[in-house]
1. Which residue pairs have Cβ atoms under 7 Å apart, sit 6 or more places apart or on different chains, and have a first residue in region 324-337 that is at positive phi and modelled with pLDDT of 85 or more and a second that is among the aliphatic types (A, V, I, L, M) and open to solvent by less than 80 Å² (accessible area, probe 1.4 Å)?
2. Is at least one residue of region 150-158 among the hydrophobic types (A, V, I, L, M, F, W, C), within 16 Å of Asn229 (Cβ to Cβ) and open to solvent by less than 10 Å² (accessible area, probe 1.4 Å)?
3. So, in region 165-185, of the ones that are closer than 13 Å to Val249 by Cα and touching a Lys or Arg at 6+ places or on another chain (Cβ under 6 Å), which residue ends up surrounded by the fewest Cβ atoms within 10 Å (Cβ to Cβ)?
4. Need pairs with beta-carbon distance below 8 Å; first residue under 24 Å from Ser309 (Cβ atoms) and within region 151-171, second open to solvent by 30 Å² or more (accessible area, probe 1.4 Å) and assigned to a strand (DSSP E or B); sequence gap 6+ or separate chains.
5. Among the residues of region 201-252 satisfying the criterion of being in contact with a helix residue (DSSP H, G or I) (Cβ under 6 Å, 6 or more places away or on another chain) and hydroxyl-bearing (Ser, Thr, Tyr), which is least open to solvent (accessible area, probe 1.4 Å)?
6. Collect the residues in region 68-90 that are in a loop (DSSP other than H, G, I, E, B) and open to solvent by 50 Å² or more (accessible area, probe 1.4 Å), keeping them in residue-number order.
7. On the given criteria, is Lys275 assigned to a helix (DSSP H, G or I) and either in the same structural domain as Trp209 (by TED's automatic domain parsing) or open to solvent by less than 10 Å² (accessible area, probe 1.4 Å) (or both)?
Amino acid sequence: MIEGEEQGFERRLDRQSLLKLAAVAGSAGVVGGRTGIANAMRAISSAETGRLQVLDWAGYGNDGGQAMFAQYVKQHAANKPQFTYMTNESDALAKIHAGLKPDLFRPYVGWVKYFATSGLVQPWDTSLIANFTHLNPFMVKAGQYDGQQYGIPDDWGFDAILYRTDKVTPKAKSWDLLFDDRYKGKIAWFDDLNMLTVAGLYLGFKDPWNQSDAELQKSQQLLMAKKKNVRLIWSSETNLWEAFGSGDVWIAYAWPNDWVQMKKKGLKVVYMRPKEKPVAWVGMFMLLRGTPRPHLAHNYVNAWSSTKSAKWLEDNYGYGHANTVARPASSDLLHALQLTNPKAVTEPSAHLDRDIPRRALYARYWEKVKAS
């Protein structure tokens, strides 16, 4: 633990957890206090066998994101994480239904209610996550359902528009740029049903996440009519970077890291905040029900939640982190993500992604858009 991150840890342990840890500490003959509790937690975790199974997005495993869980690997070398990758939450859900059994995975905030009520996940014991005290309270609350903590918030950012200033002249700071006929063949959309939400924002609907039948049809019609302008519907950021970096695409539905990567390539790019407001998201680690490695999963999330990991994420991927102590080296990023604003992900700055009551219907409408 970084000095200061363990302060208040004992105070946040509930009675049941303390009794369990005390029993382990006593049987193991370890010293008391914070050191004893930490040793006891490691003793419990060491009783769990096998590699930790993690279902996560590309870029967050052994393909570049090792710094995020380095603390975990140092403490649990015999239980190193083994990764399966997801392209979106629907893909993760399909993999789980097909028999994949991850110990934990990381959907985003709009799926908290869905998974909490699905029977697939169980609440976290936040008293076992020492760094939990540093996490943004607003984001922590967004991970709760029915009074229990189903999601542990970590990374966050925005869905907005990336474009090249040397090639594109927007008519306005608007989601309209994703539909602009002037740039036919130079536009990229994201392969997700949230494209219908973005269409609803652009069309001015009251609740784009819960559109009426008539509104949903209008959103679908807009996307179908403008799909002719789209060169790429991406599910992998690598594909987007290749297309954008090569000049095949000038405008894209994108995330902050895409802006960071294109700036590294020397491209003249802007990450636009549309007047209809960007859609904000918060990554939420979730614990699968019945996992045989619950304590290892808690330790993994604790490593992800540390100040050191948070700063690495901000400096290297350009995303925000729920750890409010961390600050990026770049003042431009600090300003762009409004990191000093604890509610940067919600009104009036952005629309926080949320539950879609008719998610299955949205998914069918989106599939029809792609097939058109």
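1. none
2. Residues of region 150-158 that are among the hydrophobic types (A, V, I, L, M, F, W, C), as a first pass: 152, 156, 158.
Of the ones still in play, those that are also within 16 Å of Asn229 (Cβ to Cβ) are none.
No, region 150-158 contains no residue that is among the hydrophobic types (A, V, I, L, M, F, W, C), within 16 Å of Asn229 (Cβ to Cβ) and open to solvent by less than 10 Å² (accessible area, probe 1.4 Å).
3. Asp166
4. That search, which allows pairs on different chains as well, returns Gly151/Gln144.
5. Applying the filter and picking the extreme gives Ser219.
6. Our first condition is that a residue be in a loop (DSSP other than H, G, I, E, B); within region 68-90, this holds for 76, 80-81, 87-88.
If the condition is that a residue be in a loop (DSSP other than H, G, I, E, B) and open to solvent by 50 Å² or more (accessible area, probe 1.4 Å), then Lys80, Thr87 are the ones that fit.
7. Numbers: assigned to a helix (DSSP H, G or I): no; either in the same structural domain as Trp209 (by TED's automatic domain parsing) or open to solvent by less than 10 Å² (accessible area, probe 1.4 Å) (or both): yes.
Spelling it out, it is not the case that Lys275 is assigned to a helix (DSSP H, G or I) and either in the same structural domain as Trp209 (by TED's automatic domain parsing) or open to solvent by less than 10 Å² (accessible area, probe 1.4 Å) (or both).
Yes/no matrix, rows are residues, columns are (1) in a loop (DSSP other than H, G, I, E, B); (2) more than 28 Å from Ala116 (Cβ to Cβ); (3) open to solvent by 70 Å² or more (accessible area, probe 1.4 Å):
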position	(1), (2), (3)
Asp332	no, yes, yes
His335	no, yes, yes
Ile356	yes, no, no
Arg364	no, no, yes
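The values are calculated or read from the model by the stated rules, or taken from the named source; none is laboratory data. Quick caveat, the model's predicted, so the values are computed rather than measured. In this analysis, Cβ positions are derived from the backbone assuming ideal geometry, glycine residues included, and neighbour counts consider all displayed protein chains. Protein only, heavy atoms only, side chains kept; ligands, DNA and RNA dropped before computing areas. Shrake-Rupley method; radii C 1.70, N 1.55, O 1.52, S 1.80 Å.
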